[in-house]
Amino acid sequence: MDPASSCSIVVFTRDLRIRDMPALQAAMQASPKVITAFILDDDLVESLSSAPNRLSFLLDSLCDLRDSIRELGGELVLRRGNWVVEVARLVSETGASSVHLSQDVSAFARSRIDQLTASLADSSCKIQVHSGVTVLPPGTNSPGTGGFWKVFTPYYNKWIEARWREVLPPPKQIHHLEGIPTLPIPTLGELSVTPVSPNLATGGESAGLERLKLWAKSSLERYEENHNALAADDSSRIAPYLHFGCLSPLEVAARLQGRPGATPFIRQLCWRDFYHQLLAARPEISQVDYRNRGDVWRQDEQDAEAWRQGRTGYPLVDAAMQQLLLEGFMHNRARMVVASFLTKDLYLDWRIGAAHFMKFLADADVANNQLNWQWTAGTGSDTNPNRIFNPTVQSVRFDPDGVYIRRYLPALAELEAPLIHDPDVETRRLLGYPEKMVDHKLAIEAYRAQLASYRSD
């Protein structure tokens, strides 16, 4: 191809934005013409067909990204099929000199890049991987002795002192290579017949920026005192925008840094980075215990399904599970409570809960979802493996008036506190609300006895 018409390709993955997008900027610097592309991977579509909330959020985000690129004079080239095959085909069609991607840490993402590298080994096209999914790229914050940080606090102490890269501005114009065939972005109905949560958030960079702006103005200053308050619903709700890369975690941190209330929130972004560096170091922990503590989990599908459906008899647990089904979202405090209930009260495998969250959470990704579940289950990075959340105590403490419970459990809407936190037998019967699956005190005693037995063998 004529050097004057040479081009580079940026393949969007979990970075569906134009702001602070290193891969896009590098592609624009590498060649006079750029192809901005997304491959709707057949394997991805298959996995997301049973997780319609994430699929819907992805399609929203692609539409918003396409519109943003068009406003800059470009076009989002969409292809569908095997990701490696389609990227290689795009290289062959265009004679591209380089392909630019954002670094990701899941086994799925790393395998695709390895396969693409092998596929293009005999070509002159270079593959370049850039930061952009986390604040600090995995591997850049490591102990002086090498390896990776195994617990959070020392990681955070180094992370907060690290020199972050500069936030990149959005491009003013994209010089697009014309005439590249593209597919229309499909509708959700074309990819999945499974219904989405009725109150699911809209995906995309535009929606994410607006959400961040409004939340930072109204709630950031009160974050430390309010982030556990279930009724206040003061969560930022930007997690799905971070998961799909509609928002740059670095830009979020840089934008908020120094503002009142920002420090504890930025700490949460560090937790996100921490889990990504753990998964990068040990990709198997997406399904294998980070720290095997000898658990022999119960097998009871009936109990697991009652938990999934929010029929445990514990109002806070059930309200949280209903929020998940309705919104594709769950308050962070509630996530810890329902996870503790599944793994400690019911003593069921954390992977059951992680799979359910992956199915319904719009923000579910491998690093944060799986490792947060392991943290609660006691198999993760937490130095206290026996952390237990009493669902009734948590309800009284973080939803004292029962507002959160009423919001998601209409059957209990007429009950006042303190009855709403633990209705008596007669009230449950009259309202058709189930009895408790287990007695919390007895269940935890049994859990501790079982654990002691297993770990002493």
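The values are calculated or read from the model by the stated rules, or taken from the named source; none is laboratory data. Worth saying up front: this structure is predicted, and the values here are computed from it rather than measured. Note that we place each Cβ from the backbone using ideal geometry, even for glycine, and neighbour counts take in every protein chain shown.
Taking residues in segment 180-201 that are farther than 13 Å from residue 57 by Cα, and partners anywhere that are among the acidic types (Asp, Glu), the pairs with Cβ atoms closer than 8 Å and at least 6 places apart or on different chains are 180/75; 180/93; 182/75. Taking segment 137-235 as the region of interest, the helices (runs of 4 or more DSSP H) fully inside it that hold 1 or more residues being in contact with a helix residue (DSSP H, G or I) (Cβ under 7 Å, 6 or more places away or on another chain), under 26 Å from residue 334 (Cα atoms) and outside the structural domain of residue 14 (by TED's automatic domain parsing) are 152-161, 205-218, 223-226. Residue count for segment 391-431, restricted to those that are within 11 Å of residue 314 (Cα to Cα) and small (Gly, Ala, Ser): 1. For segment 344-398, filtering for residues that are of a type in the set (Gly, Ala, Ser), crowded, with 20+ Cβ neighbours inside 10 Å and in a helix (DSSP H, G or I) leaves 5. Going through (1) surrounded by 20 or more Cβ atoms within 10 Å (Cβ to Cβ); (2) without any contact (Cβ under 8 Å) to a residue 60 or more places away in the chain; (3) touching a Leu at 6+ places or on another chain (Cβ under 7 Å); (4) among the hydrophobic types (A, V, I, L, M, F, W, C) one by one, residue 278 falls short only on (2).
Being under 30 Å from residue 55 (Cβ atoms) and either within 24 Å of the chain's Cα centre (by Cα) or among the aliphatic types (A, V, I, L, M) (or both) is true for just one of 151, 133. Which residue is that?
Values: 151 fails: under 30 Å from residue 55 (Cβ atoms).
Checking each option against the conditions leaves just 133.
What do you reckon, is residue 303 over 22 Å from the mean Cα position of the chain (by Cα), of a type in the set (Asp, Glu) and either more than 26 Å from residue 52 (Cβ to Cβ) or assigned to a helix (DSSP H, G or I) (or both)? Yes. The residue that is surrounded by the fewest Cβ atoms within 10 Å (Cβ to Cβ), counting only those in segment 111-157 that are on the phi > 0 side of the Ramachandran plot and touching a residue at least 12 places away in the same chain (Cβ under 8 Å), is 147. Scanning for something among the hydrophobic types (A, V, I, L, M, F, W, C), closer than 25 Å to residue 111 by Cα, touching a Cys at 6+ places or on another chain (Cβ under 7 Å) and at pLDDT 95 or above, does segment 11-25 turn up at least one residue? Within segment 11-25 (the criterion being among the hydrophobic types (A, V, I, L, M, F, W, C), closer than 25 Å to residue 111 by Cα, touching a Cys at 6+ places or on another chain (Cβ under 7 Å) and at pLDDT 95 or above), the answer is yes, since at least one residue qualifies.
Of the candidates 14, 70, the single residue that is among the charged types (D, E, K, R) and farther than 23 Å from residue 355 by Cα is 70. Taking the conditions (1) under 20 Å from residue 174 (Cα atoms); (2) surrounded by 15 or more Cβ atoms within 10 Å (Cβ to Cβ) in turn, residue 84 satisfies each one other than (1). Would segment 161-181 turn up any residue that is closer than 28 Å to residue 81 by Cβ, of a type outside the set (A, V, I, L, M), touching a Pro at 6+ places or on another chain (Cβ under 9 Å) and modelled with pLDDT of 95 or more? Checked segment 161-181: at least one residue is closer than 28 Å to residue 81 by Cβ, of a type outside the set (A, V, I, L, M), touching a Pro at 6+ places or on another chain (Cβ under 9 Å) and modelled with pLDDT of 95 or more.
Sub-9 Å Cβ pairs linking a first residue in segment 158-170 that is touching a residue at least 40 places away in the same chain (Cβ under 8 Å) to a second residue that is basic (Lys, Arg) and surrounded by 12 or more Cβ atoms within 10 Å (Cβ to Cβ), at least 6 apart or interchain, are 160/267; 167/19; 167/255; 168/19; 169/19; 170/17; 170/19, ordered by first then second residue. Of all residues in segment 117-130, those satisfying the criterion of being more than 25 Å from the chain's Cα centre (by Cα) and of a type in the set (A, V, I, L, M) are 118, 120, 121, 127.
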